[in-house]
Structure formats: structure tokens, C-alpha cells
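The block underneath contains the structure these notes are about, expressed in C-alpha cells.
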Amino acid sequence: MILSMTGYGRSEKQLTSAVCSVEIRVLNNRFLDLSLKIPDGLSSLEDEIKRLLAETLQRGAVQLIISLNGLQKDSLAYLNNLSGLQEVWQRLQTLASHLGLPAELSLRDLLAVPELRALPAANASLEPFFPLLRDALREALDQVIAMRRQEGSFLVREIESLLTQVADQTAQIEQLATQTKDQVYASMRLKLSELCNSLAPDDSRLLQEAALLTKRLDVTEECARMRSHVAQCRAFLAAGSPLGKKLNFLLQEMNREISTIGSKSENAAIAYRVVQVKDDLEKIREQIQNLL
């Protein structure tokens, strides 16, 4: 199954009054770039989360947001934050010293500070939510993969349509190039006749010059390689394995071949079709960037 690189998933799980929410956004990126926004109490799961994201998503710019809402807060949880309490205590002593007040501070003075309750609770354990989080994370990842499959199928159809256009234009170029050979010979014979007036041109010499010119203008090999590359692209698409890099390589080769055809051609109709093929190849390149 061919996957797109972009995807989105969101899941919510509830435990008593608390709700665990997991949101995943994946955008295009050549490598795996993880950006995690998770509550402090879940930091012990960060390595496990990163490993699961890497195994499942492989590539892309991944943004993960985890939130826990509805948690019942302990009104005295701030008392567990010993480092925060100690900092407030030291500031009170510094203030008393600066103002020349007697440093007879007590615990009652410390607890009377209104901002004390704003201190974060230290070492708040969210371990009961770990299983809930894992379920929500897997469910959100399943949604991302489903979206990747759906978009991947659409991109494959779009690329196949563009490949058909490239193959059709290449066939027309080859046909026009064959016609051009006859035109080159007729044109050279006419010009020589005009230059020689009544003298009959040497047909053997004329054929030799025409052969040299048509050889320089011949695009048979380039067209054959274009057909081969189109067939390989279709085979890769049918195989359904990760193919972004493979198609990108073939696309570079096809661009090289069509550029060679354009540089050899002196036919306006061929030049027009070369431009059309380059435009289709650029569209394919843009779509390939979205494939895993």
C-alpha cells in the first residue's frame, strides 16, 4: 500500500472525570522530525512515545500534542514543592534584611504569602493515566495511517494519469521525428538545386549529408528510454512499496532525456510537446514529494 506523508489523527479517552486528548499532525519532510508537547507528569513516557511514532510514521514533520483535562487538583499540592517554598523563604529573608526588619520569620509568615498557592505541584504522578494515554495514542496513529492510505491512493491515480500523458506525448514526438527525417532530405535537395541551378545535385553526396544531419537530430534512443522509465514508474506504483525516492530518481532521468530531445529538435511541433512533457514531469515531481 502506497502512503501519503501527510496525515491527521485525534483521540480522546476518559478516566473518571479526567479526559486524555492526543492530537497528531504530520506534514512533508525528507526525514523524521518530532515535535512533542506533553504534560510534565508524562515526561517518563517520552522515549516510548518517540519510539512508537518513529516505528509507525517513518518520515515526516510530526507534531504531537497531549493534554489532560478535568484532573482534580489537590489544594495543598504546592506544599510538596520544597524547592519552590525554599526560594520564597529566601526571598522573604532577603527582603527583611534589605528593609532592616528583624529577621524573626516563621512558617506562618511563609504560608501567608498569597502567591504561594500558585506554585506548581512537585512530582505530581500521572501514572494512572499511562494506559489511557497509550490507547489514545495508538488510536490517533491509526487515524493518521488511514488518512495516509486514502490520500496515497488519490496521489497514485494522479501520477498514473500524468504518466499516460507523458507516454502519449513521447509517442507523438517519435512520430514527428520520423517525419522530420524525410522533410530534412527534401529541404536539402531543394536548397542544393537552387544553388546549383541547372546542375543536378549528387544524390549520393546529398544522402550522405542528410544521413549525418538526421543522425544528429535522431531521438529514437531517447524516446525508447522515456518509454522504459514510464514503464518502471508504473511497475513501482503497482508494487505498492515505499517508492518516493525511487520515483524521484526515475523522474530525474526522464527530465534528462526530454531535455536532450528538446536540444536536438528543430521542429516546432516537437518543441511544443517537449514543453508539455516537462510540465507533466514537474507535476509528477510535486506529487512524489507527498509520498512516503
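The values are calculated or read from the model by the stated rules, or taken from the named source; none is laboratory data. Computed from a predicted structure; not experimentally measured. Glycine gets a Cβ as well: all are built from the backbone with ideal geometry, and neighbour counts include every protein chain shown.
Residue 270 - would you say it is in contact with a Cys (Cβ under 8 Å, 6 or more places away or on another chain) and either outside any helix (DSSP H, G or I) or more than 19 Å from residue 152 (Cα to Cα) (or both)? In short, no. Being modelled with pLDDT of 90 or more and at positive phi is a description that does not apply to residue 9. Here the helices (runs of 4 or more DSSP H) wholly within region 46-161 that include at least 1 residues being modelled with pLDDT under 65 are 82-99, 107-111. Looking across region 23-40, just one residue is of a type in the set (Lys, Arg) and surrounded by 15 or more Cβ atoms within 10 Å (Cβ to Cβ), and that is 25.
Selection within region 1-22: residues that are outside any strand (DSSP E or B) and among the hydroxyl-bearing types (Ser, Thr, Tyr). The member of this set that is surrounded by the most Cβ atoms within 10 Å (Cβ to Cβ) is 6. Pairs are defined by a Cβ separation below 9 Å, a sequence spacing of at least 6 or placement on different chains, a first member in region 163-176 that is under 11 Å from residue 277 (Cβ atoms), and a second member that is surrounded by 19 or more Cβ atoms within 10 Å (Cβ to Cβ) and small (Gly, Ala, Ser); the pairs so defined are 173/265.
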